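Here the structure comes first, spelled out in structure tokens, and everything after it is commentary.
The values are calculated or read from the model by the stated rules, or taken from the named source; none is laboratory data. Everything numeric in this text was worked out from a predicted model, so none of it was measured. Every residue, glycine as well, gets a Cβ built from its backbone with ideal geometry; the counts of neighbours run over all protein chains shown. Quick note on the areas: whole protein, heavy atoms, side chains included, nothing else; ligands and nucleic acids left out. Shrake-Rupley method; radii C 1.70, N 1.55, O 1.52, S 1.80 Å.
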Amino acid sequence: MKKQLLIACIALLSFTAIPLLSQAQAAEKQATIKVSGEVSAPLTIDAAYLQKFTQTTVIRKDRDGKDHTYSGVIVSEILKNAGVTLGPELKGENLTKYLLVEASDGYQVIFALAELDKGYTDRAIILADQVDGKPLAPGDGPYRIIVQDEKKPARCIKQVTAMQIHFIK
Amino acid sequence: MNPLKHNPFLNRQKLKSGRVMFLLVVFVSLSSWCYLAVGIETGAYVLVYPSNFGNRIQIPANNPTTKQGVYLGRMLFYENRLSAANTVSCGSCHHQDKAFTDGLAFSKGVDNVLTSRNSMSLANLLWARKFFWDGRADGLEEQAITPLTNPHEMGQSLDASAQKIGKIAAYPPLFKLVYGDSSITGDRIVKAIAQFERTLISANSRYDQYLRSAYQPTPDELKGMELFNNAPQPEKGIRGANCSHCHGGVKTYMELFHNNGLDSIPKDAGIAELTSLPADRGRFKVPTLRNIALTAPYMHDGRFKTLDQVLDHYSDHILESASLSSFLRGESNEPGGTSLKLQPLEKKQIIAFLNMLTDQDFIHNPDFADPHLLTSKNKKY
């Protein structure tokens, strides 16, 4: 009888504890970025993955009108790891490809591949995860595209969740 | 939902347009009832819309829009027999006179259990890519499967629906006309419904007329439009409500998903229920404001009964949380203010603009109405 009670108690405990545990896990969940489309190796990018790359900084003004130092990884470096046709392969038909960046709020912007390639431009476009030495604010991050010297901030897309490479139709 | 329930608006309209029209409609519908495949126009359906809507329309390659497909889709949209108890159709929760909403906070399905969210307007879906309040369905075809099979909506498996429909004399010849043979499948049912939904285009509101210089707005409407479109900049003396940041563009729909400050701790976590990401908590689709005066109650849970309440919310009651949209944070018409702080007259002006988005042609277009209603009416009179 006692044993049954014990089992019942344990069962009850585990029933109540499991949802609590999984809730805690859910809260810990981190955003990632899916890289897909015209790539030879689709990627899922997280904080650990980005640490493997050389970090680059870009200074640009935000809406507050002040200069901020963003640091992160050059986007074309990430795309090369996914097997996107950059560098020597970025010619002919491949010049009709673009990168579509999507944010968690559904906002989308595009870049022509040539805008991202060092052979075409020195302007750096990075996937930033830090601003002024600190992680991006929750409303901006964890990942944000920063376009060096671009006058309007509209393509400095926040809360990035996906990067897709496509051919124009 | 009583399938025979008429809405007074339609009735009034009919009386006004006179008996001749009524008889004509009856004649046409009766003849199509009798001859079916014979009287139905076939061929590609030309979707007509203003050029400022843009051509980013969504039609899957395997479901081109045809006249016969739209005809069948409309029959199925209003077909009660697609539900387990033959009592509910898509049209039960999506009434044309309310821009395809139902006037309720939550709707009842076949089992009389309430849906967990507010019914959504079906206008200009041709341009939408993600459906439902949380954007979980990727296309209209996929979307339709949910209400058809959900036990609290129509509650019937696609196979059961296909079988039932196959026994109704009118349908097999129609499926043959649309798909080349009379086999009826769940896939063919949802494809036809999606074709019909793509034709539900709302593009002749007073706002559209204004955009093509065919309507001169009143001073209040103009002021409301300006407030709707401007971001507040108190230091420069510019007053605004910044609505267009999320609801902007000629379609008043940009396919965005935000937390608009309804709750600090939302009962319904919205997109976070799918992603478990803290940033998605309380995030929902930014719905179209087309025909907004007709689609009360408002928000995913129908919590606001009037547009006055909606404006009070945006002006004075935005609730803080980690996932609150940054577009609503620190936006104010007072220097250093934490909420919009619109004046009572400004709220009225914004509502005057929102009323410009009502499209009478859309809610009275006979091509969108219940094709079964006319025949059931005949029986009654």
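Quick notes
- Kirkwood Rh and Cα Rg combined as Rg over Rh, evaluated for the stretch A:31-167: 0.94
- When chain B is reduced to its Cα atoms, the Kirkwood hydrodynamic radius in Å: 22.2
- With respect to chain B, whose longest principal axis is taken over its alpha-carbon atoms, helix B:307-316 is tilted by about 30°.
- Remark: spin-label model distance B:ASP268-A:ALA41 equals 4.3 nm, labels positioned 7 Å along the Cα→Cβ axis.
- Applying 1/(1 + (r/R0)^6) with R0 = 45 Å to the Cβ-Cβ distance of A:THR69 and B:LYS305 gives a FRET efficiency near 0.35.
- Dimensions in Å of the protein assembly as shown - Rg and Dmax from alpha carbons: 26.5, 84
- Model label points for B:GLU235 and A:ILE110, set 7 angstrom from Cα along the Cα-to-Cβ axis, are 3.6 nm apart.
- Mean Cα-pair separation over length for the stretch A:24-158, i.e. relative contact order, pairs under 8 Å, 6 or more apart, %: 21
- List A:GLU150, B:GLU273, ordered by accessible area with a 1.4 Å probe, largest first: B:GLU273, A:GLU150
- Relative contact order (%) - criterion: Cα under 8 Å, at least six apart; region: chain B: 19
- Paramagnetic label zone (point 7 Å from Cα along Cα-to-C-beta, B:ASP181; backbone N under 20 Å) in the stretch B:49-87: B:62-64, B:69
- Annotation for the stretch B:257-306 versus the stretch A:48-78: alpha-carbon center distance of 33 Å.
- Gyration tensor verdict on the stretch B:130-289 (Cα atoms; rounded if a/c is under 1.5, prolate if a/b is larger than b/c, oblate otherwise): oblate
- Entry note, the protein assembly as shown: the mean residue ellipticity at 222 nm calculated from DSSP H runs of n ≥ 4, each adding -39500 (n - 2.57), is -10000 deg cm²/dmol after division by the residues and rounding to the nearest 500.
- B:GLU142, A:GLU93, A:GLU102, B:GLU346, reordered so the largest accessible area comes first (probe 1.4 Å): A:GLU93, B:GLU142, A:GLU102, B:GLU346
- Probe 1.4 Å - accessible area at A:LEU90, Å² to nearest ten: 10
- Two-site FRET efficiency, A:ASP149 against B:ILE57, from Cβ-Cβ distance with R₀ of 41 Å, rounded to 0.05: 0.70
- Annotation: for a label point projected 7 angstrom from Cα along Cα→Cβ of A:THR121, residues of the stretch A:66-80 with backbone N closer than 15 Å are A:74-77.
- In this structure B:ARG239 has an accessible area near 80 Å², from a 1.4 Å probe over the protein heavy atoms.
- Taking B:ASP111, B:ASP301 and ordering them by how much accessible surface each has at a 1.4 Å probe, largest first, produces B:ASP111, B:ASP301.
- Projected over every direction and averaged, the convex hull enclosing the alpha-carbon atoms of the stretch B:253-348 yields 6.5 nm².
- Heavy-atom accessible surface of B:VAL178, to the nearest 10 Å², is about 30 Å², with a 1.4 Å probe and all protein chains retained.
- Put a dot 7 Å past the Cα of B:ALA214, heading toward its Cβ, do the same for B:PHE132, and the two dots end up 3.8 nm apart.
- With a Förster radius of 45 Å applied to the beta-carbon distance between A:GLN51 and B:LEU345, the computed FRET efficiency rounds to 0.25.
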